[in-house]
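Notes for the one structure printed next.
The values are calculated or read from the model by the stated rules, or taken from the named source; none is laboratory data. Remember, it's a predicted structure, so these values are computed and weren't measured experimentally. Cβ: placed from backbone, ideal geometry, glycine included. Neighbour counts: every protein chain shown.
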Amino acid sequence: MFRLIKKVKTGKRAGFITTRNGVVKTPFFMPIATKGAVKSLTPEELKMLGAQIVLGNTYHYVA
């Protein structure tokens, strides 16, 4: 569920996305984890960059 906090004339928006695992502030940086891992960044670097969520896939598990 998305909850809008602020919108400006240019169309930019700020808000919250609520998931089963918690709340994510928007806008946010979302790295992509292909084959289950974010390439070139350690978990510590992701935290330092402020990543609140990682988009991953599990296609590599399908035989």
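Take the residues in region 36-46 that are charged (D, E, K, R) and exposed (fewer than 11 other Cβ atoms within 10 Å of the Cβ); name whichever of them is modelled with the highest pLDDT. Lay out the reasoning, then the answer.
Narrowing region 36-46 to residues charged (D, E, K, R): 39, 44-45.
Filter once more, keeping what is exposed (fewer than 11 other Cβ atoms within 10 Å of the Cβ): 39, 44.
Values: Lys39: 83, Glu44: 92.
So the residue we want is Glu44.
Scanning region 12-35 for residues that are surrounded by 12 or more Cβ atoms within 10 Å (Cβ to Cβ) and among the small types (Gly, Ala, Ser), which turns out nearest to Phe2 (Cα to Cα)?
Gly15
Report yes if Arg20 is touching a strand residue (DSSP E or B) at 6+ places or on another chain (Cβ under 8 Å) and not hydroxyl-bearing (Ser, Thr, Tyr), otherwise no. Steps first, answer last, please.
Values: touching a strand residue (DSSP E or B) at 6+ places or on another chain (Cβ under 8 Å): no; not hydroxyl-bearing (Ser, Thr, Tyr): yes.
It is false that Arg20 is touching a strand residue (DSSP E or B) at 6+ places or on another chain (Cβ under 8 Å) and not hydroxyl-bearing (Ser, Thr, Tyr).
Determine, yes or no, whether Leu46 is in a helix (DSSP H, G or I) and either touching a Phe, Trp or Tyr at 6+ places or on another chain (Cβ under 6 Å) or of a type outside the set (D, E, K, R) (or both). Break it down into steps so the answer makes sense when it comes.
Numbers: in a helix (DSSP H, G or I): yes; either touching a Phe, Trp or Tyr at 6+ places or on another chain (Cβ under 6 Å) or of a type outside the set (D, E, K, R) (or both): yes.
Criteria met by Leu46.
Being at pLDDT 75 or above and assigned to a loop (DSSP other than H, G, I, E, B) is the filter; apply it to region 49-63 and report the residue that is farthest from Lys25 (Cα to Cα).
Val54
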